[in-house]
Structures are given as structure tokens and as C-alpha cells.
Amino acid sequence: MPIKNILVVDDSPTDRQYLSDILAKSGYVVTTAESAEEALAKVKQQRPDLVLMDVVMPGQNGFQATRMLSKDSSTKDIPVIICTSKGQETDRVWGMRQGARDYIVKPVSQADLLAKISALG
């Protein structure tokens, strides 16, 4: 299934805007969430084709939200790409174990992000 609708989850307004601009200019329909809790509600309501998930957020973190999405039968088929400043190999491995399909370390390059999305689509 081609990816058209993407939910960007990040507590940083700057990062949300940066990622949204890249995606919108590339023809994707973008919605945003400021927290993991908001993201989980939006995923259930809107059924995006992909979720870009930050990790470090107040309240629930992105690893927890990714695990919840991947374990829920109604959302387990929606791919999650973790997009975070946490660049340690152990973080990447842990993120993939939570159900993420890919992992990108900030600062995100436009080419890298778009390549990872097209590889999923």
C-alpha cells in the first residue's frame, strides 16, 4: 500500500515543522501530534499510513507508544519510524524491538527520510 498520510509526533514545534515541511513538499498529507498520548488517539481516529515517532517527550515516551501501536491488533500494520536524537546503538535496537520498522537519528536529512519512507511504501 503506498504511503500518503503521515503522522508526525514530536514535542518540539521546530522539529514538527521541519519534518512536516519536508513531507508536504514531497506530496504527503501530514498531521501532527505533540505527545505520545495525542498520537495514539490520532492513529486510532485517522489511520495514517505511517507514523514518525520522536522518543523523548513528556509523559509517555515514543518507545512506549511504538510498543502500544505494534501490539494493538487494530494498529499493528501501521509502520512506525522512530525519529529521535537518541543515537546510541542500544537505543536503535530497543526501538526496533518495540516494533519500529526503521530508526532515524536527528538532525534528519531530507534524502535519508524520504528514502526510508519510500522503502516502506
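The values are calculated or read from the model by the stated rules, or taken from the named source; none is laboratory data. Note that the structure is predicted; figures quoted are calculated from it, not measured. Cβ sites come from the backbone with ideal geometry, for glycine too, and all protein chains shown count toward neighbours.
I need the full set of residues from region 97-118 which are among the aliphatic types (A, V, I, L, M) and within 16 Å of Ile78 (Cβ to Cβ), in order please. Across region 97-118, the qualifying residues are Ala100, Ile117. Listed by first and then second residue, the pairs with beta-carbon distance under 9 Å, at least 6 apart or on different chains, first residue in region 26-49 and touching a residue at least 12 places away in the same chain (Cβ under 8 Å) and surrounded by 18 or more Cβ atoms within 10 Å (Cβ to Cβ), second assigned to a loop (DSSP other than H, G, I, E, B) and aromatic (Phe, Trp, Tyr), are Asp49/Tyr28.
Listed by first and then second residue, the pairs with beta-carbon distance under 6 Å, at least 6 apart or on different chains, first residue in region 101-121 and over 13 Å from Met53 (Cα atoms), second modelled with pLDDT under 95 and loosely packed, with under 14 Cβ neighbours inside 10 Å, are Gly121/Pro2.
Whether a residue is out of contact with any Leu (no Cβ under 9 Å at 6 or more places or on another chain), surrounded by fewer than 18 Cβ atoms within 10 Å (Cβ to Cβ) and more than 18 Å from Arg16 (Cα to Cα) was assessed, and Gln110 does not pass this test.
Can you tell me which residue is farthest from Ala65 (Cα to Cα) among those in region 1-53 that are among the β-branched types (Val, Ile, Thr) and in contact with a Cys (Cβ under 9 Å, 6 or more places away or on another chain)?
Filtering first and then ranking leaves Val8.
The lone criterion from (1) free of Cβ contacts under 8 Å to residues at least 24 places away in the same chain; (2) β-branched (Val, Ile, Thr); (3) surrounded by 17 or more Cβ atoms within 10 Å (Cβ to Cβ) left unmet by Thr14 is number (3).
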